[in-house]
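**Student:** The following block contains the structure, expressed as structure tokens.
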Amino acid sequence: MKSASLALALLLFTFAASAQSNAPSSESVPVLAKFPFEETVPLKIVRETVPSKPFTVIGPRGAILGQQDGSFEAWIFPWKIFSNLRITAEMQNYSVPIDVNDQAAVIEVRPDHTTITFAHANFTVREILFAPHKAPAGAGVLAFFEVEAVRPMTLTFQFIPEMKRMWPALSDDRCSPEWVKTSTGGFYVLHLNFPDHAAALEMPGANPGIMAPYQERAKSYPTQFVLHFDPVRDSQKLFPLLMATGDTLADSNTAALSAKLASLGRSLQSLYEETGAYYRDFLSQHMTLETPDKQFDAAFSWAEISIDQLKVETTPGHQETALVAGFDGSGDSARPGFGWYFGRDSLWTLYAVNAYGDFQLTRDQLEFLLRRQSPEGQIIHEWSQTASLVDWKSLPYMLASSDATPLLLMAANDYLQISGDVAFLKTHWEALEKAWQFERSHDSDGDGIYENIAGSGWVESWPPGMPHQEIYLAALDQQASAAFAKIAKATGNAKLAEDAGKRATHVAQQLEKEYFLPDANFYAFSRNADGTLDTSPTIYPAVADWDGTFKLSRNGGMLNRWASQEFSTDWGTRDLSPSVSFYDPISYHQGSVWPLFTGWVALSEYRNGRSLSGYSHLMQNADLTWAQDLGAVTELLSGEFYRWLGRSTSHQLWSSAMVLTPTERGMFGLEWSAAENTLTVTPNLPAQWNEAKILGVPINKSRVGVEIRRNGSALIVRLTGDGSKAIKLRTRASGATIANGDLRIPLPAAEVGIAHGLPEAGAVTSQLKVLDQQMLPHSLKLRLSAPAASQQVLFLRLNDPKIHLRSDGAEVSTDFSQLRVQFPPGDGYVDKVVTLAW
């Protein structure tokens, strides 16, 4: 089967528009230019299409959002141009009309474009979609159609014209399509009630479809491009769908729109090549992995790409670039998934961005938020792409949540620790201090902890009533205080640094005093104004481990429960225990699975010596890269069955970030101190891996490689690259030594590894869970949980083949490569302790 990755012929059209005519003349000049897709960006995913699954193609100025049957809607931000584009075919001497979308066979996703191939006995049609990285004004997305056929046929491209601004800005009730005839065909203009906004669409070589005359009774007809394809004449052509908008009187008239379409036609090849080159360079300039698990390496790169694709220019003017929370098809609405700029979503994500080294994106994002900081110092929660067109401050979204304020201080300090960019923080010192003062002043009960009184903490709804103070927000307050202390010290504000450090210590003590539940060996969800607690078991205490500077001191029992089937499904982590009366696995905040929660828990587990469960959770997020919107990670899934919720935003910003951060800071244990030019590496290499390479690790203005390899009973860590000799290498692993620049970390005589993989659609949880792991000098003790009467197999590695290995609770294979664990009979999940001694 011919793939879109083969060389394509690009047909360029040149148009000459006349400003004096309502029907401007144009002349198409075809220029055939073949170029191979393989040489652009090597990263790709190829799958058979599943019509119920979505795809997203997103760029700085537009998006194509569709289903894998090839139907889609198109946006040139902030306008929804059209929806539900579908294709039909009528073949010569073949009286049955063909729904081309029913023939969708293969989808190929690359960072720079997506191709859907429709395969029929008579024809192959390829729909090639991309969002130019440097789209000209009034443009944002492009589509191409490559056609091969045995017989001549007529293809009809049918769509619903929309011209709706992204919600909540007002739009006309409906637009009015007009066909503008030219010397070689024509194009549609989508008019609104007033002449200062319009859009134009052209498929060179196509004719209009139904154009009802004025005399006809009012009725809705589809808007269509009709293309007559002759395989002898047209088989080497690529038919583009050109789209442009006008947002002023001057650029919304027919002549101006015709000129924009002509310019797009002339620049098709350069726009495509520039977009491919951008993503090729992006992958070469940022962190990548080389491990024995090539699919995991790809998931890591796709997560970076997925985040970068959510950089959207603000409108009008395109003067800023910032991260939106995610995209999904809008249906009959005017909001494409989240589609807005979110404070907390972007700030959780900046930890991944800082680590893979896109410092410019971090600066852009922080400045975007600081420009919109409230006069009191609070950081925004949400900002619509059409916020400038409405009275945004009067709507309930801008400051709806409280957590962006501490998160901004944390993310700014993280940027400082990796980049060493003190000058940037000095430039924004006044705004940073204002955020700090806002945070410390919102404490109505006098316990010294930031409260939910300036907006919600994490949950936006909670059946017992909205919390007064959540452990989630309190844990962020503690880490933000420590972060601000470092910012203040680096910028020469010693007294504030001292005050913030003391506050961080005080909040840590208060957290232990106010939230720990001795009887449950757990930490409470929230604290009420009267001092009583909501004791609902949740995963929210996991955020206390995020920065790596603080941890809850009595978290062992809690970690065991998070790893168990009580919280851990086979596709991620529920936020709320099913033991709670209001647990609902398909609710938003009371029992669903979010990759965000899974990432929080995975990093907490890695930081607390629970690497096996941490690996399991990390890989669940990574494996979701191939589950729904290929290359992206979805927003949330059911807490009961393996399936995403229908309204889950399929291309979600922080979901992709939760593939990256637990990898960077958990599995590989990376920590930075740019001020000391020190990189700390404390690896938790899976037992199945002999080695791993991390390429492009940023620190200050350098990028270095980190090579990790096993050598008998030791793990050798080495820095590589031109700037590596200036970097000091450290580790938190006990017993480590350093010689000739290499770290030598002692390994236990035996290690255990677990498999990963998502279940079948609709499945319930049934995989092995590792509740606890305790490593001693001569033993490894595991508490495992699995369905009753099941047999589970674990990978076994002997780092010292000379030892005499004894196993209690598991059978060791004769080649010492596997542990086989037989679980006792019973109901549901049962636990078993396995001990390896030597």
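**Student:** As an exercise: evaluate I453 against (1) assigned to a helix (DSSP H, G or I); (2) open to solvent by 10 Å² or more (accessible area, probe 1.4 Å); (3) farther than 30 Å from D575 by Cα; (4) without any contact (Cβ under 8 Å) to a residue 60 or more places away in the chain and give the number of the one condition it does not meet.
**Tutor:** Going through the list (1) assigned to a helix (DSSP H, G or I); (2) open to solvent by 10 Å² or more (accessible area, probe 1.4 Å); (3) farther than 30 Å from D575 by Cα; (4) without any contact (Cβ under 8 Å) to a residue 60 or more places away in the chain, I453 breaks only (3).
**Student:** Which residues, taken from segment 317-329, are open to solvent by 10 Å² or more (accessible area, probe 1.4 Å), farther than 28 Å from I694 by Cβ and either within 18 Å of the chain's Cα centre (by Cα) or touching a residue at least 40 places away in the same chain (Cβ under 8 Å) (or both)?
**Tutor:** At the first step, the residues of segment 317-329 found to be open to solvent by 10 Å² or more (accessible area, probe 1.4 Å) are 317-321, 328-329.
When the remaining residues are screened for being farther than 28 Å from I694 by Cβ, the result is 317-320, 328-329.
Once the filter is applied, which keeps residues that are open to solvent by 10 Å² or more (accessible area, probe 1.4 Å), farther than 28 Å from I694 by Cβ and either within 18 Å of the chain's Cα centre (by Cα) or touching a residue at least 40 places away in the same chain (Cβ under 8 Å) (or both), segment 317-329 yields H318, E320, D328, G329.
**Student:** With respect to A529, determine if the residue is open to solvent by 10 Å² or more (accessible area, probe 1.4 Å), more than 20 Å from E433 (Cα to Cα), part of a helix (DSSP H, G or I) and of a type in the set (A, V, I, L, M). Write out each step before concluding.
**Tutor:** On the way: open to solvent by 10 Å² or more (accessible area, probe 1.4 Å): yes; more than 20 Å from E433 (Cα to Cα): yes; part of a helix (DSSP H, G or I): no; of a type in the set (A, V, I, L, M): yes.
No: the conditions fail for A529.
**Student:** Further, regarding this structure: With the structure loaded, tell me whether E146 is within 30 Å of the chain's Cα centre (by Cα), among the charged types (D, E, K, R) and under 30 Å from E313 (Cβ atoms) or whether it fails that test.
**Tutor:** Working: within 30 Å of the chain's Cα centre (by Cα): no; among the charged types (D, E, K, R): yes; under 30 Å from E313 (Cβ atoms): yes.
When the stated conditions are applied, E146 does not pass them.
**Student:** Only residues that are in a helix (DSSP H, G or I) and surrounded by fewer than 15 Cβ atoms within 10 Å (Cβ to Cβ): list them for segment 274-292, please. So that I can check it myself, show each step before the final result.
**Tutor:** Within segment 274-292, the subset in a helix (DSSP H, G or I) is 274-285.
If the condition is that a residue be in a helix (DSSP H, G or I) and surrounded by fewer than 15 Cβ atoms within 10 Å (Cβ to Cβ), then A277, D281, S284, Q285 are the ones that fit.
**Student:** If you scan segment 543-563, which residues turn out to be assigned to a loop (DSSP other than H, G, I, E, B), among the charged types (D, E, K, R) and touching a helix residue (DSSP H, G or I) at 6+ places or on another chain (Cβ under 6 Å)?
**Tutor:** From segment 543-563, those assigned to a loop (DSSP other than H, G, I, E, B) are 546-555; that's our starting set.
If we keep only those that are among the charged types (D, E, K, R) too, we end up with 547, 551, 554.
Hits for segment 543-563 are D547, K551.
**Student:** Scan segment 184-203 for residues that are over 20 Å from G140 (Cα atoms) and either assigned to a strand (DSSP E or B) or in contact with a Ser or Thr (Cβ under 7 Å, 6 or more places away or on another chain) (or both) and jot them down.
**Tutor:** T184, G185, G186, P195
**Student:** Here are some residues: A298, A250. Which one is free of Cβ contacts under 8 Å to residues at least 12 places away in the same chain and hydrophobic (A, V, I, L, M, F, W, C)?
**Tutor:** Numbers: A298 fails: free of Cβ contacts under 8 Å to residues at least 12 places away in the same chain.
The conditions single out A250.
**Student:** For segment 334-387, which residues satisfy the criterion of being more than 14 Å from the chain's Cα centre (by Cα), among the aromatic types (F, W, Y) and in a strand (DSSP E or B)?
**Tutor:** Once the filter is applied, which keeps residues that are more than 14 Å from the chain's Cα centre (by Cα), among the aromatic types (F, W, Y) and in a strand (DSSP E or B), segment 334-387 yields only W383.
**Student:** Okay, moving on. Which residue out of N193, N253 is exposed (fewer than 15 other Cβ atoms within 10 Å of the Cβ) and farther than 22 Å from F130 by Cα?
**Tutor:** Numbers: N253 fails: exposed (fewer than 15 other Cβ atoms within 10 Å of the Cβ).
When all the criteria are applied, what remains is N193.
**Student:** When you go through (1) open to solvent by 30 Å² or more (accessible area, probe 1.4 Å); (2) in contact with a Phe, Trp or Tyr (Cβ under 6 Å, 6 or more places away or on another chain); (3) modelled with pLDDT of 95 or more one by one for V100, which number turns out not to apply?
**Tutor:** Status for V100: all satisfied but (1).
**Student:** Could I ask something else about it? Can you find a residue in segment 344-365 that is surrounded by fewer than 20 Cβ atoms within 10 Å (Cβ to Cβ) and either within 26 Å of E470 (Cα to Cα) or among the aromatic types (F, W, Y) (or both)? Explain how you work it out, then say what you get.
**Tutor:** Applying the first criterion (surrounded by fewer than 20 Cβ atoms within 10 Å (Cβ to Cβ)) to segment 344-365 yields 359-360, 363-364.
Filter again for either within 26 Å of E470 (Cα to Cα) or among the aromatic types (F, W, Y) (or both), leaving 359.
Yes, segment 344-365 contains at least one residue that is surrounded by fewer than 20 Cβ atoms within 10 Å (Cβ to Cβ) and either within 26 Å of E470 (Cα to Cα) or among the aromatic types (F, W, Y) (or both).
**Student:** So in segment 139-183, with the set limited to residues that are charged (D, E, K, R) and in a strand (DSSP E or B), which one is most open to solvent (accessible area, probe 1.4 Å)? Write out each step before concluding.
**Tutor:** If we filter segment 139-183 for residues that are charged (D, E, K, R), which is where we start, we get 146, 148, 151, 162, 164-165, 172-174, 178, 181.
Then keep just the ones that are in a strand (DSSP E or B); that gives 146, 148, 162, 164-165, 178, 181.
Details: E146: 11, E148: 62, E162: 22, K164: 51, R165: 49, E178: 68, K181: 142 Å².
Applying the filter and picking the extreme gives K181.
**Student:** Looking at R372, R335, which one is of a type outside the set (D, E) and closer than 24 Å to S648 by Cα? So that I can check it myself, show each step before the final result.
**Tutor:** On the way: R372 fails: closer than 24 Å to S648 by Cα.
Exactly one residue qualifies, and that residue is R335.
**Student:** Which fully enclosed strands (runs of 3 or more DSSP E) of segment 656-757 have 2 or more residues being within 26 Å of F597 (Cα to Cα) and open to solvent by less than 50 Å² (accessible area, probe 1.4 Å)?
**Tutor:** Numbers: elements: 670-673, 678-681, 691-699, 702-711, 714-720, 728-730, 737-739, 742-746, 750-753.
Per the criteria, 670-673, 678-681, 691-699, 750-753.
**Student:** Now for a different question. Looking at (1) exposed (fewer than 15 other Cβ atoms within 10 Å of the Cβ); (2) in contact (Cβ under 8 Å) with a residue 40 or more places away in the chain, which is the only condition L227 fails?
**Tutor:** With respect to (1) exposed (fewer than 15 other Cβ atoms within 10 Å of the Cβ); (2) in contact (Cβ under 8 Å) with a residue 40 or more places away in the chain, L227 is out only on (1).
**Student:** Follow-up. I'd like to check something: does segment 425-435 contain any residue that is closer than 18 Å to T349 by Cα and either in contact with a Pro (Cβ under 6 Å, 6 or more places away or on another chain) or in a loop (DSSP other than H, G, I, E, B) (or both)?
**Tutor:** Of the residues in segment 425-435, the ones closer than 18 Å to T349 by Cα are none.
Checked segment 425-435: no residue is closer than 18 Å to T349 by Cα and either in contact with a Pro (Cβ under 6 Å, 6 or more places away or on another chain) or in a loop (DSSP other than H, G, I, E, B) (or both).
**Student:** Also, quick follow-up: Could you figure out which of (1) in contact with a Ser or Thr (Cβ under 7 Å, 6 or more places away or on another chain); (2) of a type in the set (V, I, T); (3) surrounded by fewer than 23 Cβ atoms within 10 Å (Cβ to Cβ) isn't true of V507?
**Tutor:** (3)
**Student:** Can you name every residue in segment 627-655 that is part of a strand (DSSP E or B) and open to solvent by 10 Å² or more (accessible area, probe 1.4 Å)?
**Tutor:** From segment 627-655, those part of a strand (DSSP E or B) are 637, 644, 651-652; that's our starting set.
Scanning segment 627-655 gives a single hit, W644.
**Student:** What pairs come up if the first residue lies in segment 608-620 and is at positive phi, the second is open to solvent by less than 20 Å² (accessible area, probe 1.4 Å), and their beta carbons are under 6 Å apart, counting only those six or more places apart or on different chains?
**Tutor:** Close Cβ pairs (under 6 Å, with a partner that is open to solvent by less than 20 Å² (accessible area, probe 1.4 Å)) do not exist here.
**Student:** Then there is this: Pairs under 8 Å by beta carbon, first residue charged (D, E, K, R) in segment 805-831, partner assigned to a loop (DSSP other than H, G, I, E, B), six or more apart or different chains?
**Tutor:** Listed by first residue and then by second, the contacts come to R806/W838; R820/A810; R820/S813; D827/A788.
**Student:** Being touching a residue at least 60 places away in the same chain (Cβ under 8 Å), at negative phi and open to solvent by 70 Å² or more (accessible area, probe 1.4 Å), is that true of even one residue in segment 197-220?
**Tutor:** No: zero hits.
**Student:** Oh, and also: Can you tell me which residues in segment 574-592 are within 16 Å of Y642 (Cα to Cα), free of Cβ contacts under 8 Å to residues at least 60 places away in the same chain and in contact with a strand residue (DSSP E or B) (Cβ under 6 Å, 6 or more places away or on another chain)?
**Tutor:** Correct list: D575, G591.
**Student:** Looking at T386 and the list (1) in contact with a Pro (Cβ under 8 Å, 6 or more places away or on another chain); (2) more than 30 Å from W79 (Cβ to Cβ), which single condition is not satisfied?
**Tutor:** (2)
**Student:** Looking at F82, F72, F55, F35 in this structure, which one is at pLDDT below 95 and within 34 Å of the chain's Cα centre (by Cα)? It would help to see each step written out before you state the result.
**Tutor:** Working: F82 fails: at pLDDT below 95; F72 fails: at pLDDT below 95; F55 fails: at pLDDT below 95.
Only one candidate passes the filter, namely F35.
**Student:** Please state which one of E605, E566 is in a helix (DSSP H, G or I) and either acidic (D, E) or surrounded by 18 or more Cβ atoms within 10 Å (Cβ to Cβ) (or both). Outline the logic, then answer.
**Tutor:** Working: E566 fails: in a helix (DSSP H, G or I).
On inspection, the qualifying residue turns out to be E605.
**Student:** Residues G185, G209, G246: which one is under 25 Å from F72 (Cα atoms), in contact with a His (Cβ under 8 Å, 6 or more places away or on another chain) and of a type in the set (G, A, S)?
**Tutor:** Only one candidate passes the filter, namely G246.
**Student:** Then there's this: For residues that are over 24 Å from M667 (Cβ atoms) and of a type in the set (G, A, S), tally how many sit in segment 603-652.
**Tutor:** 5
**Student:** Same structure again: Considering only residues that are open to solvent by 30 Å² or more (accessible area, probe 1.4 Å) and either touching a residue at least 40 places away in the same chain (Cβ under 8 Å) or charged (D, E, K, R) (or both), look in segment 374-393 and name the one that is nearest to E433 (Cα to Cα). Outline the logic, then answer.
**Tutor:** The first filter runs over segment 374-393 and keeps only residues open to solvent by 30 Å² or more (accessible area, probe 1.4 Å), leaving 375-376, 383, 388-391, 393.
Then drop every residue that is not either touching a residue at least 40 places away in the same chain (Cβ under 8 Å) or charged (D, E, K, R) (or both), which leaves 376, 383, 388-391, 393.
On the way: E376: 11, W383: 22, S388: 27, L389: 30, V390: 30, D391: 28, K393: 23 Å.
Applying the filter and picking the extreme gives E376.
The values are calculated or read from the model by the stated rules, or taken from the named source; none is laboratory data. Fair warning: this is a prediction, and the values are worked out from it, not measured in the lab. Counting neighbours? That spans all protein chains shown, and the Cβs are built from the backbone with ideal geometry, glycine included. Ligands, DNA and RNA are excluded from the accessible area calculation, which covers all protein heavy atoms including side chains. Shrake-Rupley method; radii C 1.70, N 1.55, O 1.52, S 1.80 Å.
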